[in-house]
1. Quickly run through region 87-112 and pick out the residues that are among the aromatic types (Phe, Trp, Tyr) and touching a Phe, Trp or Tyr at 6+ places or on another chain (Cβ under 8 Å).
2. Which of the residues spanning region 86-102 are charged (D, E, K, R) and either outside any strand (DSSP E or B) or in contact (Cβ under 8 Å) with a residue 40 or more places away in the chain (or both)?
3. Looking at region 56-85, I want the residues that are surrounded by fewer than 17 Cβ atoms within 10 Å (Cβ to Cβ) and have a partner that is assigned to a helix (DSSP H, G or I) with Cβ atoms under 8 Å, at least 6 apart or on another chain. Which pairs are those?
4. Please go through region 70-112 and give me each residue that is closer than 13 Å to Arg136 by Cβ and among the small types (Gly, Ala, Ser), ordered by number.
5. Being more than 21 Å from Thr84 (Cα to Cα) and of a type in the set (A, V, I, L, M, F, W, C) is the filter; apply it to region 94-132 and report the residue that is surrounded by the most Cβ atoms within 10 Å (Cβ to Cβ).
Amino acid sequence: MSHCRDTAKYLLETDRGLSGGGLQDEIQDCMEAKGYRYGADSPPIIMEASTSAMDTAETEYNVLESTWHNEHLALQRLDYLRRTNVPGAFVRPHHTEDGTWYRVLIGSRETLNGAKDLQYRLWQEHNLRYTYIVKRN
């Protein structure tokens, strides 16, 4: 949600707000455009991965770019990332009690440091600032 808050603040500061309302209306429009059901169930909580003694070569780390409640919107985001030359992007469904969420993930690394390096490169080369590292065993 922080990316929508930042975008909404910028739009309002530059008199380019789309909703005609205040900050909360702009944030709501942004979240709904990303496929979230604003005010309803929130997406699964994403925790940044941390190293542990259990990390092995079979561990897979990915950079999470976004999470969508609608597969079509996730595939649109994937298409955008590919058109802007972001390497290794893919969509993986994530099933929860609240339904299926579609994660747009980038890369696959065996170590947390490798994933952090990828995350930094995505920020530097593609301006993808709001990403998380997720771990899959």
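1. If the condition is that a residue be among the aromatic types (Phe, Trp, Tyr) and touching a Phe, Trp or Tyr at 6+ places or on another chain (Cβ under 8 Å), then Trp101, Tyr102 are the ones that fit.
2. Within region 86-102, Glu97, Asp98 meet the criteria.
3. Thr84/His126; Asn85/His126
4. Gly107, Ser108
5. Applying the filter and picking the extreme gives Trp101.
Values quoted throughout were computed directly from the atomic coordinates according to the rules given, and no laboratory measurement underlies them. Please read all numbers here as calculations on a predicted model, not as lab measurements. So basically every Cβ, Gly included, is an ideal-geometry build from the backbone, and we count neighbours across all protein chains shown.
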